[in-house]
There are 2 protein chains.
Amino acid sequence: MTERGVPGFRFAGVACGMKPQTAAYGGRALDLALIVSDAPCAAAGVFTQNRFPAAPVLYDKQALQANPAAMRAVVINAGNANACTGEQGLADAAAMAALVEAALGLPAGSALVMSTGVIGLPLPVDKVEAGIRAVAGLARSETGQGSEGRMLSAKATTTTDTKPKLAARQVGGASLLGMAKGAAMIHPNMATMLAVVVTDAALEPAALHAMLRRAADRSFNAISVDGDTSTNDTVLALANGLAGPVDPAAFEAALTELCTDLAQQIVRDAEGASKFVTVRVTGATSEASARQVAQTIATSLLVKTAVYGGDPNWGLVLAAAGRSGIELDPACAALWFAGDGGAEYQVVSAGAPLAYDEAEAARIFTCRDLLIHLHLGAGAAEAMVWTSDLTHDYVSLNAHYRT
Amino acid sequence: MTERGVPGFRFAGVACGMKPQTAAYGGRALDLALIVSDAPCAAAGVFTQNRFPAAPVLYDKQALQANPAAMRAVVINAGNANACTGEQGLADAAAMAALVEAALGLPAGSALVMSTGVIGLPLPVDKVEAGIRAVAGLARSETGQGSEGRMLSAKATTTTDTKPKLAARQVGGASLLGMAKGAAMIHPNMATMLAVVVTDAALEPAALHAMLRRAADRSFNAISVDGDTSTNDTVLALANGLAGPVDPAAFEAALTELCTDLAQQIVRDAEGASKFVTVRVTGATSEASARQVAQTIATSLLVKTAVYGGDPNWGLVLAAAGRSGIELDPACAALWFAGDGGAEYQVVSAGAPLAYDEAEAARIFTCRDLLIHLHLGAGAAEAMVWTSDLTHDYVSLNAHYRT
C-alpha cells in the first residue's frame, strides 16, 4: 500500500456517520471519500447494465455527457447506495455533487458521485453535507497530497471489504493510480463494485472512454463472485493531462493491467471465499465467445461448490461449457487443471477423459489458487475470468445478515 | 402413488448392478426400467440444449426422426449417464436399444434409450444385457400390467431422488401417465432430469411434439435447482392411440398439468433444499420476457440464499430482475411476497419500497412454500418458475460427494 500518487490529484476520507460503527468496518467507520484534481480532467465512465440503475449512476452519465473534458472531483459515500430511491434520490445525488463544487469552489457540473451501501433508504443529506465540508478541508491540507490521504479515501469507499484496494502503474512519464471497493459477500446489498482510476496522462475523453471500456471488459467485467450485478457498479477514469501525451497502446496496456490488478484484489477479498479460481478458455472463434464460456463455468454453482470441496469434477466443467450458448464441438474439447502456479495437468482430450491420476487431480484441487483451462479447438481467441468458490461461509454470511 | 395405468402400456424395473448398492438408493438398487407398448406409438422428444449431449440423446433424436409413428419401447438405465463417452458411447446406446428390440421381438428402430448417472465412464453393456433380459420378462408378466410394475420402473430411473415421481391425468376417454426422475443435488453429475409420458390418446407425431415442447417450456423448463443443465435431460412422450382421438386443447392442458405436477415434485425433492419457491412475473410484454425475468430471480444466488436465511430482501429481487437482459421501467415495478398459500403482501410499489411491516415480511419468509410476485407494469403476459433455496446442505452435499 505504498502506491505513489499522481501529480495534481488530492485524496481524503472522513467519517460522516452513515456507515454503522461496527467491527465489520474496522471500528473507525470512514464513509465519505473525495478525489480532487487541481486541473480540469478528461473523464469517462463505465456503468452497471442493471435496469434498476441507482441515482448516482444516472447522475454521472448525464454529467459526463455534458462535461466530459473538465471534470474536477469525485465524491464517494459508503453505507447508503441511493438506489431504488426515485426522484428524491436523483435530487440527492445532484445535491451531493453541488455541495462538493461549493465546498471546493469548482464550476457547476464538474463533480461526479458514487454511492454504495443499503438499497432503498433515502440518502441522509445532512450527514453528507457535514462530511463534505470536512473532507474538502482535509483534501486541501497536506494530508490530501500524501499517501495518508490516498489510504483514507480508499478506506472510506469500502463496505465489507476486509482491506482497501489500491494499485499503481507507470507509463512513460505518466502515472496511473486506481482504487476499488469490492463485491465482498457478507452484505449482498452492499456488494457494489466501485473503482476510480486517475492519471496525469493527456488524453481525449473519447479515447479515454474507449480504452476504459475495453480495459473494464477484460478486468472488472471478467470477475464473478456470485453473478449478481449491482444497481451501482461504476468505474470512472480522470486524466488531468499534467504529464502530457502518452503512447495510446502503452497507456491502454497499463490501464488494463491496473484494472486487472484491482479486479483480482476484489475476488481475493470476497468474503466467504476460500479459493481463487482462474478460468481460462482458449481455442475459441472470438474473445467474446471465449469469455461467455469462461463466465458460464465461473458462475456454475456446481463447479464452484466442487472447487470448495476439492473435487476435480471435470464433467461439471464440460457440462457448464456445453450450456453457455456457444457452438462447441465436444470432440475438440481438452481440459487441464493447475494449482498454485504449478504445471497444467491434462484430464480431458477430444471430449473424453484421459486415464489421469485421480490423486494428482485431487491434490491440485486442494490448492488455494486454482487454474481451470478449457481448450475448445475451434479458433485462436481466448479469455480469462476470475472467480471464487462457493462455501458454507458464503451461505452463512448471506443467509443471516439482516435477520 | 396409486396412479392408474394406461391401456396397452406395460412397465417394469430391475436391478442390474450398475447403481451402487448403498443406503442412498434405498438399499435395493433398481437401475433398469422398461416401458413397452402393445401397439405402435406416435412418439416425440424434447432434449437438453447442452452442447455436450450424451449418447442416448443423440440416439433418440435420430430414432425419432426415422420412426416417429411406430415406437414400441423405452429403456432407461440409472447409474451411468453414457455421456462424454465418444463413438463407443453411441454404439452402446444403439446396442441397448437393439437388445430391447431383440428381447421383446420388436421391429428394429422401435426402442428409445435414456441414461442417467456418472459422466465419462463406458456403459457396462454386459450388465445392461442381463438386465434387459430380466426386465423384458417382468414387463411381459402380470407385474408389468399392474401398479407394481409402474412403481418398480419409476424407482429404477431414480438416482439420488428420495422418492419416485409419478403423476396421472384423464382427458375424455384417454389417460396420461408420467414418471420423472429429478435433479436431486446430492450427486451433481447424476442431476439429470428424465421424464416419460405415455397416453392412449390418438395423436399425430407432429402434433404430439408441438404440444410436448410447449408443455415442457411451462413445466420442466420452468424449474431451476441450480441453473446447471445436464448432458442427458430428456422428456419423451408416447401415444399408442388405443383410446382414439381427443380434443387437442384439452389434451394439451392435461399434458401441461401433468408435466407441471412432475416438475414441481422434482423441485420439492431437491436434496439440500429447505423451501419451495414460486417466482411469478406478471405485467410483461411477452411470456418469454416474463420467463427470462423469473428465471434470473430464481437462479440468483443472493436471492436463493436470502430465502434460506428467511430474509425478505426485496432489493435483491429487483436487482436480479434488473440484470435479466429484459427492458424494464423501474418506476413501474411492484413486488409482493406470500407464504404457504397466504395472501400476497406488497413491499414495493412504483420501484420503491412501501412503508411495509418488516416483521410481517420476515414472518412470510419463514414459510416453507414461498411466493415472490414481481409485476413489471409493461404488458399483460406472465410466467412462473419454481425453484428451491440455497442451503448449507446444498454446499455440503455437492462439495464432498466424491472426496
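The values are calculated or read from the model by the stated rules, or taken from the named source; none is laboratory data. Being a predicted model, the structure only gives us computed values, none of them experimental. Methodologically, a virtual Cβ is constructed for each residue, glycine included, from the backbone with ideal geometry; neighbour enumeration extends over all protein chains shown. What goes into the accessible areas is simple: the full protein's heavy atoms, side chains included, and nothing from ligands, DNA or RNA. Shrake-Rupley method; radii C 1.70, N 1.55, O 1.52, S 1.80 Å.
Looking only at segment A:77-98, which residues are crowded, with 17+ Cβ neighbours inside 10 Å and charged (D, E, K, R)?
Selection gives A:92 alone.
Checking the conditions here, which among B:290, B:243, B:250 is open to solvent by less than 10 Å² (accessible area, probe 1.4 Å), touching a residue at least 12 places away in the same chain (Cβ under 8 Å) and more than 25 Å from residue B:192 (Cα to Cα)?
One residue alone meets the criteria, B:290.
Does residue A:20 meet the test of being at pLDDT 95 or above and assigned to a loop (DSSP other than H, G, I, E, B)?
On the way: at pLDDT 95 or above: no; assigned to a loop (DSSP other than H, G, I, E, B): yes.
Spelling it out, it is not the case that residue A:20 is at pLDDT 95 or above and assigned to a loop (DSSP other than H, G, I, E, B).
Quick check on this structure: which one of A:328, A:335, A:370 is closer than 22 Å to residue B:118 by Cα and assigned to a strand (DSSP E or B)? Give the derivation first.
Numbers: A:328 fails: assigned to a strand (DSSP E or B); A:370 fails: closer than 22 Å to residue B:118 by Cα.
Sole residue among the options that is closer than 22 Å to residue B:118 by Cα and assigned to a strand (DSSP E or B): A:335.
Which numbered condition in (1) crowded, with 21+ Cβ neighbours inside 10 Å; (2) more than 8 Å from every other protein chain (Cβ to nearest Cβ) is the only one that residue A:316 fails?
(2)
Counting just the residues of segment A:261-287 that are under 23 Å from residue A:341 (Cα atoms), in a helix (DSSP H, G or I) and open to solvent by 30 Å² or more (accessible area, probe 1.4 Å), which one comes out modelled with the highest pLDDT?
The qualifying residue modelled with the highest pLDDT is A:261.
Would you point out which residue out of B:139, B:130 is touching a residue at least 24 places away in the same chain (Cβ under 8 Å), out of contact with any strand residue (DSSP E or B) (no Cβ under 7 Å at 6 or more places or on another chain) and either within 14 Å of chain A (Cβ to nearest Cβ) or of a type in the set (Gly, Ala, Ser) (or both)?
Result of the check over B:139, B:130: B:130.
Go through segment B:48-81 and report how many residues are assigned to a helix (DSSP H, G or I) and away from chain A (no Cβ under 14 Å). Quick ask: steps written out before the conclusion?
Within segment B:48-81, the subset assigned to a helix (DSSP H, G or I) is B:55-66.
Going one step further and asking which of them are away from chain A (no Cβ under 14 Å), we end up with B:56, B:59-66.
Residues in segment B:48-81 being assigned to a helix (DSSP H, G or I) and away from chain A (no Cβ under 14 Å): 9 in total.
Go through A:319, A:290, A:306, A:378 for me and flag whichever is small (Gly, Ala, Ser) and assigned to a loop (DSSP other than H, G, I, E, B).
Exactly one of A:319, A:290, A:306, A:378 is small (Gly, Ala, Ser) and assigned to a loop (DSSP other than H, G, I, E, B), namely A:378.
Which one of B:254, B:202 is at pLDDT 95 or above and closer than 26 Å to residue B:294 by Cα?
Only one candidate passes the filter, namely B:254.
Take residue A:297 and decide whether it is within 12 Å of chain B (Cβ to nearest Cβ), closer than 23 Å to residue B:85 by Cα and within 24 Å of the chain's Cα centre (by Cα).
Answer is yes for this residue.
So which of A:321, A:333, A:306 is open to solvent by less than 10 Å² (accessible area, probe 1.4 Å), under 19 Å from residue B:83 (Cβ atoms) and in contact with a Gly (Cβ under 8 Å, 6 or more places away or on another chain)?
Result: A:333 is the single residue among A:321, A:333, A:306 that is open to solvent by less than 10 Å² (accessible area, probe 1.4 Å), under 19 Å from residue B:83 (Cβ atoms) and in contact with a Gly (Cβ under 8 Å, 6 or more places away or on another chain).
What residue, among those in segment A:347-361 that are charged (D, E, K, R) and in a helix (DSSP H, G or I), is most open to solvent (accessible area, probe 1.4 Å)?
A:358
Might you check whether a residue that is within 12 Å of chain A (Cβ to nearest Cβ) and either modelled with pLDDT under 90 or under 30 Å from the mean Cα position of the chain (by Cα) (or both) occurs anywhere in segment B:337-347?
There is no residue in segment B:337-347 that is within 12 Å of chain A (Cβ to nearest Cβ) and either modelled with pLDDT under 90 or under 30 Å from the mean Cα position of the chain (by Cα) (or both).
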